[in-house]
Amino acid sequence: MSKIALVVGASGIAGSNLAQELIRQGWITYGLARNPNREIENLRPVAADLLQPDSLQNALADIKPTHVFFTSWMRQDTEADNIRVNSAMVRNLLAALRPQNSIQHVALVTGLKHYLGPFDAYAKEGFLPQTPLREEHPRLDIENFYYAQEDEVYAAAAQAGFTWSIHRPHTVIGKAVGNMMNMGTTLAVYATICQYQGRPFRWPGSAAQWNGLSDVTDARVLAKHLIWAATTEAAQNEAFNIVNGDVFRWSWLWQRIADWFGVEAVGFEGTIQPLEAELAQDGPLWKEIATQYNLTEPNLSRMASPWHTDLDLGRPIEVMTDMSKSRKLGFNVYQRTDESFFDLFEQLQNDGLLPDLKSPGN
């Protein structure tokens, strides 16, 4: 029987990389989004709004996925609204697919806010877990839209009889345009602006993040992890952390990124200096760079998400995750983190989203 995947959020960092990996492995792959990704070869686009049940049912009427990969979310002003909207997205999708009775497995991508708290209380006193983060850590005693999404999956699985997996990446590094949580591209844009203007590449975050241990998740590793859990019996009905497998200190990686772009690295200087404020006036400058170097995206706000980078890099504790649960069950994919960033930077340049200012003539 053919494996038929429905990737929800196929235009984002996680979803687009997952779709490419599924297709590479021979899966029939559909990509659902309000504005579907039409750039990935052999991806079958599905245009649908997860908050519109009727149109969602019509869009999915003739699709019978065996595996559903949910990688989408929508940011709202409050956590109460995050819960209402994002739980409805999961609930509406699984309800629309229920009549087909084709689903064998549902995989849900959430993240470390499961342990660190939602945006309203993110990494604040009273919500600081022991690190490294482990899957058995209990839910925090606070409302969290990740918990609400999980509960929708559990309820639908109990009713329909499919298996599930929950995937909790750290910051995901990979290519996507218009993504709301995009540290890799945000830092690439910031470094390019510094390179173009001769500005120092200044660390925007906290002392704890600068000096402490951290890890991240390459989108390609996440894609392989999603497929592994969906097709490995021992991984069914489990929640997993998923990161690259190495740890680093930003005091090391910041200099590595600065060297790649040929800019002056400035480390922690005693106070947090938010990147959102640093880039606040640089929209016209990025448009100038895009025009001069014929880039495909002149809108800075679609390239960079400094608010989320500030959220991650401003945390008051070091944050790294434990991967032993996946390793024990046989998932042994590993990725060097500095190479995750460098591969992304090269891809952004090759795709005309970032100029190569180091090349002769530039």
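For residue 64, the lysines whose Cα comes closer than 16 Å to its Cα, not counting residues fewer than 8 places off in the same chain, are 3. Please report the net charge: other residues with Cβ closer than 15 Å to the Cβ of residue 353, K and R +1, D and E -1. Net charge around residue 353: -3.
Per-residue ellipticity at 222 nm from helix content only, as computed over the chain with -39500 (n - 2.57) for each DSSP H run of at least four residues, stands at -12000 deg cm²/dmol.
The stretch 260-289 and the stretch 1-32 have their alpha-carbon centroids 35 Å apart. Taken along its three principal axes, the alpha carbon spread of the stretch 28-152 comes to 48, 30, 28 Å, from the longest extent down to the shortest.
The apolar share of the surface of the stretch 49-155, taken as the fraction of accessible area on carbon and sulfur atoms (1.4 Å probe, ligands and nucleic acids excluded), comes to 45 percent.
With all protein chains kept in place, the per residue accessible area of the chain amounts to 42 square angstrom at a probe of 1.4 angstrom. Over all pairs of different C-alpha atoms, the chain has a mean inverse distance whose reciprocal, the Kirkwood radius, equals 21.0 Å.
Which net charge results for the neighbourhood of residue 163, defined as the other residues with beta-carbon distances under 11 angstrom from its beta-carbon, given Lys and Arg at +1 and Asp and Glu at -1? Around residue 163, the surrounding residues sum to -2. Mean projection of the Cα convex hull over all viewing directions, computed for the stretch 258-344: 8.4 nm². Surface composition of the stretch 207-355: carbon and sulfur make up 46 percent of the accessible area, probe 1.4 Å. When the listed pairs 113/358; 175/358; 124/224; 175/287; 287/358 are checked against a 30 Å cut-off, the alpha-carbon distance exceeds it for 113/358; 124/224.
Rounded to the nearest 20 debye, the dipole magnitude of the chain is 740 debye, with +1 charges on Lys and Arg beta carbons, -1 on Asp and Glu beta carbons, and the Cα centre as origin.
The values are calculated or read from the model by the stated rules, or taken from the named source; none is laboratory data. Please read these numbers as outputs of a predicted model, since none were measured by experiment. A quick note on method: Cβ atoms are made from the backbone with ideal geometry, for glycine too, and the neighbour counts reach across all protein chains shown. Ligands, DNA and RNA are excluded from the accessible area calculation, which covers all protein heavy atoms including side chains. Shrake-Rupley method; radii C 1.70, N 1.55, O 1.52, S 1.80 Å.
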